[in-house]
Amino acid sequence: MARTALPGRLTWRVATLSSLHDETATARSLVFDVPGWPGHLAGQHVDVRLTAEDGYSAQRSYSLASATDGDRVELTVQKVPDGEVSPYLGDVLKPGDQVELRGPVGGWFVWRPTDTAPVLLVAGGSGIVPLMAMIRARRAASSRVPFRLIYSARTPDDVLYAAELRRLEGGLDVSYVFTRAGGQRRRIGVADVNTHGWPADFQPDCFVCGPTGFVETVADILVALGHEPRKVKTERFGPTGG
Amino acid sequence: MLSAGPTPRIPLESWQFAITTEAGQQHHWSWLELLALPSQTPTVDLHCVTKWSKLSTSWRGVSLDVLLEEVETAADFALAHSYGGYTTNLPLEDLLDGQAWIVYEYDGAPLPPEHGGPARLLVPHLYLWKSAKWVRGIQLLLEDEPGFWETAGYHDYGDPWREQRYQGD
Amino acid sequence: MTYVDGNALAGPLREIFAVDLTAASGQCVACGQTGPVAALRVYTSAPGLVARCPGCDEVVLRLVRGPSGAWLDLRGCVSLQIPL
């Protein structure tokens, strides 16, 4: 029986994988075609649901990696064997295969092209994904809002979207913190954020995304540097059901 | 391992377990007093409401029959309270006759905080959310009073064999 | 046990409500702290979703999704101010 979708309420849509490419040895970007996709804001996420033939289903939330672009939706997934959904998306799914997807969701951790404050993005590992969507949305809108990105990754080989981030882009400054490069272990610190971020006086919108410990460290540093807590938006990623 | 909040860390010196009757009378045990009571080593199957089961888990603890022996009550219901604020309700008869324990060892080792230590309630014949982690007391009641999950859609009794997960199941 | 941000409530709440509630601002009943739903601490490894106040760790919101319905408890929240 056909059910009519209630306007505004969230429903599952069929998404067909149209292409995929490896970002690093452990991460892959997937581009889906989602007919009727209503568009999204940078920073929003989607829930992906897989259902086996016996009816068992597993679900997980992913940040959107792309700026809104018609029916095209891009995700970047880690291939690490974490839960049930990511290994399937990372290793098994082929172009033409279908999954269910619902969204976009989230209205807090988002950047809108109409926003005018300078932006500081701080990414830990695959926390770059929703921040990359913001960089792409800025570019798509030809926005002149100045962006700074501080990207903490284990080594240069772990950097997602490396080629795209190397390309010079007016108004976007990118700096890196490598935590395992050259046999050294280090963590992002006050000096990194102070040197490569914005002064608190500029009242930038700060977006921090990464593992819980990383997000807490960076958010504490930003507040200690004088940024207003409400201007520091965070997204900790953790398992949300497979 | 399921948890609805931060893991409470309770120093053993200040840990206490209390049974409070419907008349307000309180019986309590310190950590050392609990350890001094006769213990049992039940080996039981666990059933979680999120559809996994773990078979033949071994525990050490004190039977609720021992703890309730001296307690005078006309109550039919019990509400378990935990450090951290969690609660869960069950009929008092489900705590009696060798069906429930306050356990403090798992697999021969002290119960770690993430598994509910220093001590948790163990009621293996009901879904695992009834086996309150970090238990600090049992309140005896004349009327049933739903606990943390029971006030948010979960079944009042929670019998895994009848798949009583949600209200109405 | 670790937690995620209130952002993780976006999907489960949009299944119920027609507008995004993670950008809504609420006040904690227990300590009075005000902030966005997106900044709550959400514990997902539980029979339901439990969102706690980042200031005092008290429960602000609980959401249980059963096969044929959902239970939403907002008793830890004084009110929600929802941007429309």
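The values are calculated or read from the model by the stated rules, or taken from the named source; none is laboratory data. Here the structure is a predicted model, which is why all the values come from computation and not from measurement. Backbone-built Cβ (ideal geometry, glycine too); neighbour counts: all protein chains shown.
Here are some notes:
- Test: residue in segment B:56-77 that is β-branched (Val, Ile, Thr), within 11 Å of the chain's Cα centre (by Cα) and more than 22 Å from residue B:162 (Cβ to Cβ): no
- Looking across C:47, C:54, one residue alone is touching a residue at least 12 places away in the same chain (Cβ under 8 Å), touching a Phe, Trp or Tyr at 6+ places or on another chain (Cβ under 8 Å) and part of a loop (DSSP other than H, G, I, E, B). It is C:47.
- Qualifying residue in segment A:175-186 (condition: under 20 Å from the mean Cα position of the chain (by Cα) and under 27 Å from residue A:114 (Cβ atoms)): yes
- Candidate set from segment C:44-54 (those that are at the interface with chain B (Cβ under 8 Å from one of its Cβ atoms) and within 9 Å of the chain's Cα centre (by Cα)); member that is surrounded by the fewest Cβ atoms within 10 Å (Cβ to Cβ): C:52
- Inside segment A:104-114, residues that are over 24 Å from residue A:20 (Cβ atoms) and in a strand (DSSP E or B) make up a count of 1.
- Of residues in segment A:100-120 being of a type in the set (Val, Ile, Thr) and surrounded by fewer than 20 Cβ atoms within 10 Å (Cβ to Cβ), the one farthest from the other protein chains (Cβ to nearest Cβ): A:116
Matching residues to (1) more than 8 Å from every other protein chain (Cβ to nearest Cβ); (2) modelled with pLDDT under 90; (3) under 22 Å from residue B:3 (Cβ atoms):
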residue: C:1; (1), (2), (3): no, yes, yes
residue: C:12; (1), (2), (3): yes, no, yes
residue: C:18; (1), (2), (3): no, yes, no
residue: C:23; (1), (2), (3): no, no, no
residue: C:27; (1), (2), (3): yes, no, no
residue: C:30; (1), (2), (3): yes, no, yes
residue: C:38; (1), (2), (3): no, no, yes
residue: C:56; (1), (2), (3): yes, no, yes
residue: C:79; (1), (2), (3): yes, no, no
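- Strands (runs of 3 or more DSSP E) (entirely within segment B:2-99) containing at least 1 residues that are closer than 30 Å to residue C:60 by Cα and within 14 Å of chain C (Cβ to nearest Cβ): B:43-47, B:77-82, B:87-91
- Across segment B:36-53, the number of residues qualifying as modelled with pLDDT under 90 and either surrounded by fewer than 12 Cβ atoms within 10 Å (Cβ to Cβ) or among the basic types (Lys, Arg) (or both) comes to 3.
- For segment C:22-43, residues that are part of a loop (DSSP other than H, G, I, E, B) and either buried (at least 23 other Cβ atoms within 10 Å of the Cβ) or among the aromatic types (Phe, Trp, Tyr) (or both) total 2.
- Any hit, segment A:65-81, residues being surrounded by 24 or more Cβ atoms within 10 Å (Cβ to Cβ) and outside any strand (DSSP E or B): yes
Every residue, every condition in (1) at pLDDT below 85; (2) touching a strand residue (DSSP E or B) at 6+ places or on another chain (Cβ under 9 Å); (3) under 24 Å from residue A:160 (Cα atoms); (4) in the same structural domain as residue A:232 (by TED's automatic domain parsing), yes or no:
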| residue | (1), (2), (3), (4) |
| --- | --- |
| A:20 | no, yes, yes, no |
| A:42 | no, yes, yes, no |
| A:48 | no, yes, yes, no |
| A:53 | yes, no, no, no |
| A:86 | yes, yes, yes, no |
| A:98 | no, yes, no, no |
| A:101 | no, yes, yes, no |
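- All positions within segment B:16-51 that are among the charged types (D, E, K, R) and at positive phi: B:51
- When A:50, A:101 are checked against the criterion of being touching a helix residue (DSSP H, G or I) at 6+ places or on another chain (Cβ under 8 Å), part of a strand (DSSP E or B), farther than 30 Å from residue A:230 by Cβ and not charged (D, E, K, R), a single residue qualifies: A:50.
- The listed residues are A:167, A:230, A:136, A:154, and the only one of them that is among the basic types (Lys, Arg), farther than 28 Å from residue C:6 by Cα and out of contact with any helix residue (DSSP H, G or I) (no Cβ under 7 Å at 6 or more places or on another chain) turns out to be A:167.
- Condition met for residue C:8 (farther than 17 Å from residue A:109 by Cβ and at pLDDT below 95): no
- In summary, strands (runs of 3 or more DSSP E) completely within segment A:161-242 and bearing 1 or more residues that are within 14 Å of chain C (Cβ to nearest Cβ) and surrounded by 19 or more Cβ atoms within 10 Å (Cβ to Cβ) occur at A:205-210, A:232-236.
- Residues in segment C:58-77 that are at the interface with chain B (Cβ under 8 Å from one of its Cβ atoms), touching a strand residue (DSSP E or B) at 6+ places or on another chain (Cβ under 6 Å) and not aliphatic (A, V, I, L, M): 4 in all.
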